[in-house]
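The values are calculated or read from the model by the stated rules, or taken from the named source; none is laboratory data. All values derive from a computational prediction rather than experimental measurement. Every residue, glycine among them, receives a Cβ derived from its backbone with ideal geometry; neighbour counts consider all protein chains shown.
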Amino acid sequence: MHQKVFTRYKDKPLITPEHLPLEVDAVFNPGVAEIDGEVVLLLRIEDRQGLSQIRVARSKNGVDDWTIADEPLLEPDLPDFPFEEWGCEDARVTQVGPRQWIIAYTAYSRYGPAVALATTSDFETANRLGVVLAPTNKDATVFPQPFDGINILLHRPVTGGYEHIWYASCRDGYANWSEPGVLLPERGGPWWDGLRIGVGAPPLRTDQGWLLIYHGVKDMAGHGVYRLGLALLDLDNPRRALARASRWVFAPEANFEQRGLVPNVVYTCGALLRGDDVWMYYGAADTVIGLATAKLTDLLDFVWKYDYLHQVGRGKGMV
């Protein structure tokens, strides 16, 4: 019997293009944060030109009555930011201070997708730090704390035709990233995450380690199927993986996940830990936004039960 870990909220989309105050093709892949008693989503919106912007939505309960900002928080085609000319995509949010958040997002231009960072204290305005990792690179997130004075960022460059999850380090803030290494590789072959992988939601701190929800892609009859899996990273050194589940934990099974602009896609950029519950906001079929919840204990049990690393050896990188 298939083990259900996540439960979809009402088995229907949470936010659709019809909820927005402008004409768009799609709304998907939101980052998420909590501020002043509200849940804040950083929506990726694809307009009728095909360009993506990041716009804020707020809700008291995180499920309905969303108030959507009149203007984008991050938008493309600004003269001072040429590497964003084709879009600002897939924002991931990390709280790094009492009222300070880092937004990692994809800056898309004719030169390819690159990793860009911005900061905000209120989600009404953002201060761009600019592109910090050159193309081709995306799926980045920053940890909420330094480790022995070193900030760590996860990202997904394309290297030699492969798309693994890498880490990078910064010793002086958030601008200069170096000391790269592979954290989790794509597994190749027929694996559910064999074609490519990337960071999903920013890692969640637990007493057993940093819980990472990541996406994996498998080619099936010429079409990529996006599913979500789990890994657990060392609490003191998240450049070291402790466990990685061999099987996926969440897949496009609902109608709104299987049908849309890009069929058979579930893709998360944000999750909240609320007590023992994980609230995962995700893009479905690159068209709408869904919400699925799970017990943190169930997710930790899952990653240990199906741990793949004991078969190939534990340690830093290439697992």
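Observations
- Taking residues in the stretch 73-100 that are at positive phi and buried (at least 23 other Cβ atoms within 10 Å of the Cβ), and partners anywhere that are assigned to a strand (DSSP E or B) and at pLDDT 95 or above, the pairs with Cβ atoms closer than 6 Å and at least 6 places apart or on different chains are GLY87/SER52; GLY87/TYR108; ASP90/ASN29; ASP90/ARG44; ASP90/THR106; ASP90/CYS269.
- One residue from GLY149, GLY161, GLY173 being surrounded by fewer than 16 Cβ atoms within 10 Å (Cβ to Cβ), modelled with pLDDT of 95 or more and either within 26 Å of LEU272 (Cα to Cα) or more than 15 Å from the chain's Cα centre (by Cα) (or both): GLY149
- Looking across the stretch 15-42, the residues that are closer than 27 Å to ARG99 by Cα and in a loop (DSSP other than H, G, I, E, B) come down to ASP36, GLY37.
- Considered as a group, the residues in the stretch 37-72 that are under 23 Å from PRO135 (Cα atoms) and small (Gly, Ala, Ser) include one that is surrounded by the fewest Cβ atoms within 10 Å (Cβ to Cβ), and that residue is GLY50.
- Selection status of LEU154, in contact with a His (Cβ under 8 Å, 6 or more places away or on another chain), under 25 Å from ASP276 (Cβ atoms), in a strand (DSSP E or B) and in contact (Cβ under 8 Å) with a residue 40 or more places away in the chain: no
- Number of residues in the stretch 255-285 that are in contact with a strand residue (DSSP E or B) (Cβ under 6 Å, 6 or more places away or on another chain) and within 22 Å of VAL39 (Cβ to Cβ): the value is 19.
- Members of the stretch 180-216 that are surrounded by 22 or more Cβ atoms within 10 Å (Cβ to Cβ) and of a type in the set (A, V, I, L, M): LEU183, LEU184, ILE197, VAL199, ALA201, LEU211, LEU212, ILE213
- Verdict on ASP236 being within 23 Å of LEU153 (Cβ to Cβ), more than 15 Å from the chain's Cα centre (by Cα), modelled with pLDDT of 95 or more and surrounded by fewer than 20 Cβ atoms within 10 Å (Cβ to Cβ): yes
- Residues (in a loop (DSSP other than H, G, I, E, B), surrounded by 19 or more Cβ atoms within 10 Å (Cβ to Cβ) and within 19 Å of the chain's Cα centre (by Cα)) located in the stretch 252-265: PRO252, ASN264
- Of residues in the stretch 101-141 being among the basic types (Lys, Arg) and under 13 Å from ALA91 (Cβ atoms), the one surrounded by the fewest Cβ atoms within 10 Å (Cβ to Cβ): ARG128
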